[in-house]
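Here the structure comes first, spelled out in structure tokens, and everything after it is commentary.
The values are calculated or read from the model by the stated rules, or taken from the named source; none is laboratory data. Just so you know, these numbers come straight off a predicted model, no measurement behind them. Cβ sites come from the backbone with ideal geometry, for glycine too, and all protein chains shown count toward neighbours. Accessible surface areas use protein heavy atoms only, side chains included; no ligands, DNA or RNA. Shrake-Rupley method; radii C 1.70, N 1.55, O 1.52, S 1.80 Å.
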Amino acid sequence: MSLKEKDLEIYQIIENERIRQKYNIELIASENYASEEVREAQGSIFTNKYAEGYPHKRYYGGCENADALEELAINRCCKLFNVKYANVQAHSGSQANMAAYRAIIPYGAKVMGMALDQGGHLTHGSKVSFSGKDYEFMPYYVSKETEEIDYDALEAQALEFKPALIVAGASAYSRKIDFKRIKDICDKVGCLFMVDMAHIAGLVAAGLHQNPCDYADIVTSTTHKTLRGPRGGIILTNNEEIAKKVNKAIFPACQGGPLLHVIAAKAVCFKEAMSDEFKEYQKQLVKNCAYLCDLLKNKGYVIVSGGTDNHLFTINVKKSLGITGDVAEKTLDKVGITCNKNTVPYDTEKPGITSGIRVGTAAVTTRGFKEKEIELLANFMDDALRHYDDDAYLEKLHEEEKRFMEKY
Ligand code: DSN
């Protein structure tokens with residue numbers, strides 16, 4: 001029997017989501033459309049299997065296929081990121097970060113991470129996340145003038161604060177991060193270096209950004225953003241001792257049995273990410289992002305840091321149009337364009353309101369958007385945002401948007 005016949009309520013909700021995903025223009029920078037093959041692996045019978053432990057060291061019988069699967073996933077992951085050791089069991093980016101911290105620093109250790117309201121991640125020291133509770137985090141900031149990471153200020157701060165670890169990586173930062181420069185700071189301070197490359201993992205895999213594995217002691221990532229795999233996490237390192245500690249930190253310290261069906265999907269995603277087609281996709285998504293950013297700038301929008309080097313940028317809608325990020329997000333929602341409100345550096349609005357919206361092109365590029373579509377998208381966005389208080393107009397625009405998305 002099919003799900004539709006057995007459980008119509010759930011079937012219907014999934015179907016509604018399929019329709020939403022088909023007709024909406026997805027601009028959330030951390031989302032993407034995984035391939036059918038990734039979803040087939042994730043929906044496979046590996047969901048039935050328990051396999052606590054690691055390949056050939058399990059606490060359950062019947063793990064021969066689980067071992068083959070996880071070994072292949074690890075090998076593909078190491079090859080993709082040119083790194084010696086990979087843990088592919090982390091259920092999410094947050095859990096990857098939790099295990100990474102546990103592996104390399106003691107409770108209460110001093111850590112520096114990018115300020116959340118300037119583009120950092122929740123798990124890089126926010127007081128409402130375990131990270132800000134378990135460790136003594138000190139945020140570092142972007143320059144008020146350039147809105148780019150102020151590496152000199154970071155260095156001065158680090159020399160004074162003397163952290164045990166500096167974390168790099170962001171969820172809303174549109175510029176290339178100079179991992180080498182931060183590694184030099186870590187060496188001066190005598191501390192460890194961790195990179196959370198969740199947002200740019202696809203760009204790193206395609207060789208478009210510095211590979212943090214060349215500089216950091218430990219690298220974490222999710223697999224579902226620009227990497228376009230299933231939702232999940234990975235932890236990478238070139239250091240054998242750290243690798244051993246990471247494995248123990250994931251299991252049994254932070255997690256139980258691995259999600260083998262997700263590991264199967266991760267392995268499929270790693271293979272896809274080694275292809276020429278994937279490299280072309282990454283180049284196109286960066287091109288689309290820069291083009292969309294330029295078009296909006298030419299229409300008078302103020303972009304945080306003035307531009308983008310990756311798959312996302314943040315529009316300061318308050319400076320651009322005098323509206324909040326919350327109003328902008330809701331307005332775009334009304335015309336079928338999905339994005340998220342986002343703080344801008346030194347924001348005066350609360351995190352639930354914000355002065356900005358974050359825009360990413362990973363998902364629309366997967367849908368086949370190129371220059372022509374990006375031009376139409378910029379026009380849609382501009383038209384909608386300038387009519388934020390005209391629901392009748394927005395409704396008309398939404399109908400147009402749906403007809404447009406029919407083709408992709
Ligand atoms: N919350 C995710 C994002 O949208 O970027 C990861 O930080």
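Couple of notes before you dig in:
- Neighbours by Cβ (under 6 Å, 6+ apart or cross-chain): first from the range 120-131, over 14 Å from Ala198 (Cβ atoms); second away from the ligand (no atom under 12 Å from the Cβ) and of a type in the set (Phe, Trp, Tyr): Gly125/Phe137
- Residue within the range 191-209 that is surrounded by 19 or more Cβ atoms within 10 Å (Cβ to Cβ), more than 23 Å from Leu285 (Cα to Cα), of a type in the set (Val, Ile, Thr) and in contact with a helix residue (DSSP H, G or I) (Cβ under 6 Å, 6 or more places away or on another chain) present: no
- Scanning the range 241-256 turns up no residue that is within 16 Å of the ligand (Cβ to nearest atom) and at pLDDT 95 or above.
- Residue satisfying condition, being closer than 23 Å to His224 by Cβ and either out of contact with any strand residue (DSSP E or B) (no Cβ under 8 Å at 6 or more places or on another chain) or in contact (Cβ under 8 Å) with a residue 60 or more places away in the chain (or both), within set Thr366, Thr331, Thr348: Thr366
- Residue match in the range 312-320 (condition: surrounded by fewer than 17 Cβ atoms within 10 Å (Cβ to Cβ) and out of contact with any Pro (no Cβ under 7 Å at 6 or more places or on another chain)): yes
- Selected residue (criterion: nearest to Asn342 (Cα to Cα)) from residues of the range 24-55 that are open to solvent by 20 Å² or more (accessible area, probe 1.4 Å) and of a type in the set (Val, Ile, Thr): Ile28
- In the range 172-182, the residue that is nearest to the chain's Cα centre (by Cα) out of those that are more than 16 Å from the ligand (Cβ to nearest atom) and either crowded, with 22+ Cβ neighbours inside 10 Å or among the basic types (Lys, Arg) (or both) is Lys176.
- The listed residues are Gly336, Gly325, and the only one of them that is away from the ligand (no atom under 16 Å from the Cβ), surrounded by 19 or more Cβ atoms within 10 Å (Cβ to Cβ) and not basic (Lys, Arg) turns out to be Gly336.
- Filter result for Cys213 (in contact with a strand residue (DSSP E or B) (Cβ under 8 Å, 6 or more places away or on another chain), open to solvent by 10 Å² or more (accessible area, probe 1.4 Å) and of a type in the set (A, V, I, L, M, F, W, C)): no
- Meets criteria (among the aliphatic types (A, V, I, L, M) and not in a helix (DSSP H, G or I)) for Ile323: yes
- Residue within the range 144-165 that is within 24 Å of Thr223 (Cβ to Cβ) and within 16 Å of the ligand (Cβ to nearest atom) present: no
- Residue count for the range 340-399, restricted to those that are among the hydroxyl-bearing types (Ser, Thr, Tyr) and more than 19 Å from Phe313 (Cβ to Cβ): 3
- With respect to (1) in contact (Cβ under 8 Å) with a residue 24 or more places away in the chain; (2) small (Gly, Ala, Ser); (3) more than 16 Å from the ligand (Cβ to nearest atom), the lone exception for Ala115 is condition (3).
- Residue count for the range 119-139 under the criterion of being more than 19 Å from the chain's Cα centre (by Cα) and closer than 20 Å to Thr354 by Cα: the result is 3.
- Residue pairs meeting the criteria (Cβ under 7 Å; at least 6 apart or on separate chains; first without any contact (Cβ under 8 Å) to a residue 12 or more places away in the chain, in the range 33-58; second in a loop (DSSP other than H, G, I, E, B)): Arg58/Ala51; Arg58/Glu52
- Residue count, the range 75-122 (criterion: aromatic (Phe, Trp, Tyr), open to solvent by less than 50 Å² (accessible area, probe 1.4 Å), out of contact with any Cys (no Cβ under 6 Å at 6 or more places or on another chain) and assigned to a loop (DSSP other than H, G, I, E, B)): 0
- Within the range 183-195, none of the residues are within 16 Å of the ligand (Cβ to nearest atom), at pLDDT 95 or above, closer than 19 Å to Asp217 by Cβ and touching a His at 6+ places or on another chain (Cβ under 8 Å).
- Residue among Leu154, Leu208, Leu203, Leu159 that alone is more than 19 Å from Val359 (Cα to Cα) and touching a residue at least 60 places away in the same chain (Cβ under 8 Å): Leu208
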